[in-house]
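The structure under discussion appears below in the form of structure tokens.
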Amino acid sequence: MKILLVNPPIYDFAAYDFWVKPYGLLSVAGYLRGRADFTLFDYLDRFTPFAARQKDLESDQWGRGRFYCEQILSPACLEAIPRYFRRFGLPRGMFEDFLTEQEPFDFVLVQTMMTYWYQGIQEVIEDVRRIWPKAKIVLGGNYVTLCDSHAQKLGADFLVSGTNLEPLWEYLGVKPDLKQPALWEAVERLNVGVLKLTDGCPFNCTYCSVPKVYGKFKARPLGRSLAELELLTKRGVENIAFYDDALLFEAEKVLVPFLNEVLKRDIKAKLHTPNGLNARFITRGLAELMVRAGFKTFYLGFENASLQWQRHTGSKVFSDELARAVEHLIAAGAEPTSITAYQILGHPQTDVQELEASMRFANGLGIRGMLADFSPIPGTPDGEHCRQWVDMDEPLFHNKTAFPIMLLGNDEVNRLKDLQRRLNRSLTTD
Ligand code: B12
Ligand code: SF4
């Protein structure tokens, strides 16, 4: 059986390779290692000879960088947003040439990610249908899970919504080996790896889809994660990002044993946490272990310093917990400028003055801040609340650049982003 794996292009105002990998797709393919022939077409590969010829795509010290992109017209419903709309990823013609040069495969598995990126999926489906009309197209991942009925209209043959893969194995007619790590060997030029030690999250933040999609928090088998780490380091990967939602929860059962093995095996990877850590769980001991084991950047999900806001949205973390975590990390040897607090911009219950106070609070701790533009997610309490402003059944309205501008106005968004830049600059010029 021949299976083509596709990581589609992104249609958005902005996109950046912040350790972005099609990890769900590679994990699913990993379960079928040795049971099918796989080829990956990754539109977001920044290291193809084509991408390598472009300017300004080089990686930063941790393996992140810009994607190749082309400016295009904004979709009609986002025309009023005063930002350039773009298509990020390899040119469409490269995929068409690839499909034309190959004999058709049996199945095409397509990664879906942000709900508002579905135009890239549409493009892939159109091209596969035209050139390989008999190949069966399968979609899975976040967009299909959160916008199932919208995704059904795109014209794929089979949709895997949620985390249960049984229907997929039945559809493909293959039995998986669930002990296998992700199929990293399908990635020809691998610069960055991804790991996920856990599924789900014990909290219930009102703006987040994770609790509903994943159910109860659960650790993944340690042996499998270690095997995946070995696979990545054998491929020469230097930077590894964790995609966990609650990496530090029950750390003594999950992260601590994992990091002890990293140290014991003398693995020298640089570790990163783009998806946000919960400061509540950063004890002095854990901070020391994380720094010793190779964590280089620490992104902390803070969102807002207002106690009322914190309580209202699920009490995942409080301001004193952030302050304590920062103290522990710095005492353990983390660079203050490598610690970043995420704060939500454009959340419907956020008062702008409170957001400014939060930004100044994080800055006062000596760490960087990053405004995380709010994306309303259908099925979450806050996303449903947004139906009064936008048509939540049109996923383009979940766009994280668009929603804050629609709610607060362009000038206000620019002012807050500018303030964040100035606060961050003050850390290095003081
Ligand atoms: C890692 C991550 C990121 C990474 C990038 C990931 C990427 N590759 O693009 C970073 C940190 C950059 C990121 C950024 C953001 N993210 Co994010 N992110 C995630 C996270 C944690 C995992 C996504 C992922 O890779 N899943 C794939 C793998 C890891 O999941 P899995 O469990 O193994 O997959 C199972 C199934 O889904 C299925 N499956 C998965 N893929 C596939 C593919 C196929 C073909 C098949 C058959 C099956 C299948 O099989 C697996 C079986 O168990 C999710 C939350 C979550 N837990 O899903 C949020 C999530 C996707 N992000 C979200 C948000 C809000 C954001 C931001 C807007 C935050 C912000 N304001 O800055 C930004 C947006 C960036 C942008 N440019 O627009 C939202 C979704 C928003 C939306 N409207 O779609 C989510 C759902 C979290 C939430 N709050 O609810 N994110
Ligand atoms: S702690 Fe993070 S992952 Fe968990 S529910 Fe809240 S935002 Fe989602």
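The values are calculated or read from the model by the stated rules, or taken from the named source; none is laboratory data. Remember, it's a predicted structure, so these values are computed and weren't measured experimentally. Cβ: placed from backbone, ideal geometry, glycine included. Neighbour counts: every protein chain shown. The protein model used for the area step is the full one, side chains on, heavy atoms only, and it has no ligands, DNA or RNA in it. Shrake-Rupley method; radii C 1.70, N 1.55, O 1.52, S 1.80 Å.
Quick rundown of the values:
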item	result
Length-normalised contact order of segment 235-327 in % [C-alpha pairs under 8 Å, at least 6 apart]	30
Relative frequency of Cα-Cα separations exceeding 13 Å in segment 278-344, percent	60
Loop-located GluC sites (Glu not before Pro) in segment 36-94, at most 10 other Cβ atoms within 10 Å (DSSP)	58, 79
HN-Hα J in Hz across segment 46-56 - Karplus 6.51, -1.76, 1.60, θ = phi - 60°, x for Gly and Pro	8, 10, 5, x, 4, 5, 5, 7, 7, 7, 6
Residue-span extension gain [residue 50 to residue 149] - 0.36 nm each, minus C-alpha spacing	32.0 nm
Most fluctuating residue given options 366, 193, 236, as computed from a GNM of the chain linking Cα atoms under 10 Å	236
Calculated over segment 110-268: convex hull of Cα atoms, volume per residue (Å³)	139
Student exercise, segment 336-407 dipole from Lys, Arg, Asp, Glu Cβ charges, in Debye to nearest 20	360
Whole-percent carbon and sulfur share, accessible surface of segment 190-429, 1.4 Å	51
Residue with peak Gaussian network fluctuation, the chain [Cα springs, cutoff 10 Å], from 288, 166, 303	166
Segment 154-239: radius of gyration and largest Cα-Cα distance (Dmax), Å	15.8, 40
Protection proxy ranking, peptides 370-376, 380-386, average beta carbon neighbours within 10 Å, highest first	370-376, 380-386
Computed magnitude of the charge dipole of segment 2-172 (debye, nearest 20; Cβ of K, R +1, Cβ of D, E -1)	160
Most fluctuating residue given options 185, 101, 394, as computed from a GNM of the chain linking Cα atoms under 10 Å	101
Relative intensity, log₁₀ I(q)/I(0), of segment 219-361 from a Debye sum that treats every alpha carbon as a point, q = 0.09, 0.11, 0.17 Å⁻¹	-0.30, -0.44, -0.94
Lone cysteines, the chain (no partner Cβ under 4.7 Å)	69, 77, 147, 201, 386
Proximal lysines to residue 268, defined as alpha-carbon separation beneath 19 angstrom and excluding residues fewer than eight positions away on the same chain	196, 234, 296
Sparsely packed trypsin sites (Lys or Arg not before Pro) within segment 212-258, loop by DSSP, other Cβ within 10 Å at most 16	216, 235, 253
Charge dipole (segment 382-421, unit charges on Cβ, about Cα centre) - positive-most of 402, 414, 386	414
Unit charges at the beta carbon, dipole of the chain: most positive-side option, 353, 214, 240	240
Long-range tail of P(r) for segment 2-172 (Cα pairs > 22 Å, %)	45
Surface accessible to a 1.4 Å probe, residue 393 within the full protein complex, Å²	100
Gained length - residue 177 relative to residue 337, 0.36 nm times residue gap less alpha-carbon distance	53.4 nm
Percent of Cα pairs exceeding the 38 Å cut-off, where the set is the chain	20
Charge dipole magnitude, Cβ of K and R +1, D and E -1 - the chain, Cα centre, debye nearest 20	920
Distribution of pairwise C-alpha distances over segment 289-403, 10 Å bins, in %	13, 39, 29, 15, 3
Under 28 Å from residue 153, Cα to Cα: lysines that are on another chain or at least 8 residues apart	2, 21, 134, 136, 212, 400
Accessible area per residue, Å², the chain with all protein chains present, probe 1.4 Å	44
Estimated D of segment 190-429 in µm² per second, where Rh is the Kirkwood radius over Cα pairs and Stokes-Einstein applies at 25 °C, 0.890 mPa s	130
Residue among 143, 77, 9 farthest towards the positive dipole end of segment 1-147, charges placed on Cβ	143
